[in-house]
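Worksheet: one structure, shown below.
The values are calculated or read from the model by the stated rules, or taken from the named source; none is laboratory data. Please read all numbers here as calculations on a predicted model, not as lab measurements. Here the Cβ is made from the backbone with ideal geometry for all residues, glycine too, and neighbour counts use every protein chain on show.
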Amino acid sequence: MLVVLLFAVVFAYPRAEQTTYGALALAFLGLSSTVPTLGTAFIAGAVADRYDRGALMRTVNLASLLATAGIALDVYFAPAARVHVPGISGFYLPMWTLLLYPLWAGVTVTSTLFRPAFNTSVPRLIPTRDLGSANGLIYAVAAGASASGMLAVGVVMSFRPIVEALAIPFVLFFATQVALLVISADLSVHRTAAPRALGTEAREGFRFLYRRRALLEFTLAALAVNFLSAVATVELALYVADWLDLRVGIWYGAIVGAMTVGAAVGLLSIGRLRFERRAGRVAIALILVMGLSLLSLGLVRSVWVALPIVFVFGMVPGMLTTVFLSTVQATVPDEVMGRVFAADEMGSYALVPLGQYAGGLLTLVVGIQGTFLTAGAAIALFGVLMLVGFAALRQLSYSAPEPGPTVRGTVGEA
């Protein structure tokens, strides 16, 4: 869905206004989802640790389905009135774009509630020794479906009205709902203490992270890297249209699809590296690769060179996701795991809204190439600093027992 929305927002403006008004409109699209997502993330883990996780996933996915239908109606009727909003002189938003923001926020909020419930359900079904491979396979299948969907919406947008492309995410949400309805596993929460106030329980996730220094450093690293990558990736549609000079939707779908295929490959391959006993060092190396690949995108003008670079750039988040998920699932008690996931997500993405807005402003000042060069170089430099300063993260590990009784590992810290 995001592929469709980013493309639609860019081309809601005449070409002369796309690098100015279009860039800011993209930044506001990011803000419209990220700000409410952060607020939801504060309680999402406590909710996942309090209610039956299967019922919770079915409920919030249904809400996502309804919000998607609302977006399709908004794009179909597309009220054309202009609304002038604060920003650079003359900046305006088409009315349909303004209406789009709260609907997109609804999709991302419900997805935020979904994620802790889903991630905490995996170790209920998978032995500790298989978590790395299982998480990689689960998210690789999801990434493969997403890549196919992204390419498909690019094709649809090239030949048909944009609203028809929204049928693809609607069908995917619907298929998810059907799959959730046929799951029969017991996903109720195993608690040893009675529930307390929701806010009190939510804060426990942050306290747990604070006590685990290695996991805390992982979250702080994600905070910086997500901010810097958001500076560039929020302008990816503009990168394709302006820097690569490709103005047909299929090329944007191909770029984002290559990134998602890269994520799928990263998810599948990381488990084969048996990263468990050197999880922290692997994470630092991956961040260095991420910065260098983003930097490279600002140096090339050919889509055929950009596609393999984007593929590598996409591999890194997939690998990092598997490393972190598996480590938490192997070492954190079930009754607090949802809150730890949510606390990390909130901490990791706290600066993303600023990064997205900064990306729009930076593009206005230095152009799309300068934005990618600046963000990539900053991530690479941060990776070097992590090698020196994040001692606990360098030693982060957990044990992956051989086949036999399932046991939980321990986090290795400085």
>> Please go through the stretch 184-193 and give me each residue that is surrounded by fewer than 13 Cβ atoms within 10 Å (Cβ to Cβ) and at pLDDT 80 or above, ordered by number.
In response: Ser184, Ala185, Asp186, Ser188
>> For the stretch 14-58: of the residues being in contact (Cβ under 8 Å) with a residue 60 or more places away in the chain and part of a loop (DSSP other than H, G, I, E, B), which is surrounded by the most Cβ atoms within 10 Å (Cβ to Cβ)?
In response: Asp49
>> Taking the criterion of being at pLDDT 90 or above, crowded, with 19+ Cβ neighbours inside 10 Å, among the aliphatic types (A, V, I, L, M) and closer than 26 Å to Arg281 by Cβ, would at least one residue in the stretch 363-376 satisfy it?
In response: yes
> Which of the residues belonging to the stretch 199-224 are of a type outside the set (Ser, Thr, Tyr) and more than 20 Å from Ala391 (Cβ to Cβ)?
Replying inline: Gly199, Glu201, Ala202, Arg203, Glu204, Gly205, Phe206, Arg207, Phe208
>> Considering only residues that are more than 17 Å from the chain's Cα centre (by Cα) and buried (at least 21 other Cβ atoms within 10 Å of the Cβ), which ones fall in the stretch 129-140?
In response: Leu131, Gly132
> Of everything in the stretch 173-183 that's surrounded by 16 or more Cβ atoms within 10 Å (Cβ to Cβ) and not aromatic (Phe, Trp, Tyr), which residue is nearest to Ile126 (Cα to Cα)?
Replying inline: Leu180
> In the list Ser229, Ser269, which residue meets the criterion of being in contact with a Leu (Cβ under 8 Å, 6 or more places away or on another chain) and of a type in the set (Gly, Ala, Ser)?
Replying inline: Ser229
>> Checking the conditions here, which among Arg160, Arg196, Arg203 is surrounded by fewer than 20 Cβ atoms within 10 Å (Cβ to Cβ), out of contact with any helix residue (DSSP H, G or I) (no Cβ under 9 Å at 6 or more places or on another chain) and either touching a residue at least 24 places away in the same chain (Cβ under 8 Å) or among the charged types (D, E, K, R) (or both)?
In response: Arg160
>> Between Val289, Val303, Val316, which is surrounded by 21 or more Cβ atoms within 10 Å (Cβ to Cβ) and among the β-branched types (Val, Ile, Thr)?
In response: Val316
>> Against the condition surrounded by fewer than 22 Cβ atoms within 10 Å (Cβ to Cβ) and either out of contact with any Ser or Thr (no Cβ under 9 Å at 6 or more places or on another chain) or among the hydrophobic types (A, V, I, L, M, F, W, C) (or both), how does Ala143 come out, does it pass?
In response: no
> Scanning for something hydroxyl-bearing (Ser, Thr, Tyr), surrounded by fewer than 21 Cβ atoms within 10 Å (Cβ to Cβ) and either modelled with pLDDT under 75 or over 18 Å from the mean Cα position of the chain (by Cα) (or both), does the stretch 400-410 turn up at least one residue?
Replying inline: yes
>> So if I check each of Gly205, Gly253, Gly257, Gly199, which one is part of a helix (DSSP H, G or I) and either at pLDDT 90 or above or under 27 Å from Arg394 (Cα atoms) (or both)?
In response: Gly205
>> Among the residues that make up the stretch 271-282, is at least one of them in a helix (DSSP H, G or I), in contact (Cβ under 8 Å) with a residue 40 or more places away in the chain, among the aromatic types (Phe, Trp, Tyr) and under 26 Å from Asp130 (Cβ atoms)?
In response: yes
> Within the set of pairs 6+ apart or on separate chains, which have a first residue in the stretch 286-303 that is touching a residue at least 24 places away in the same chain (Cβ under 8 Å) and more than 22 Å from Arg394 (Cα to Cα), a second that is in a helix (DSSP H, G or I) and β-branched (Val, Ile, Thr), and C-beta atoms under 6 Å apart?
Replying inline: Ser293/Ile309; Ser293/Val312; Ser296/Ile309; Leu297/Ile309
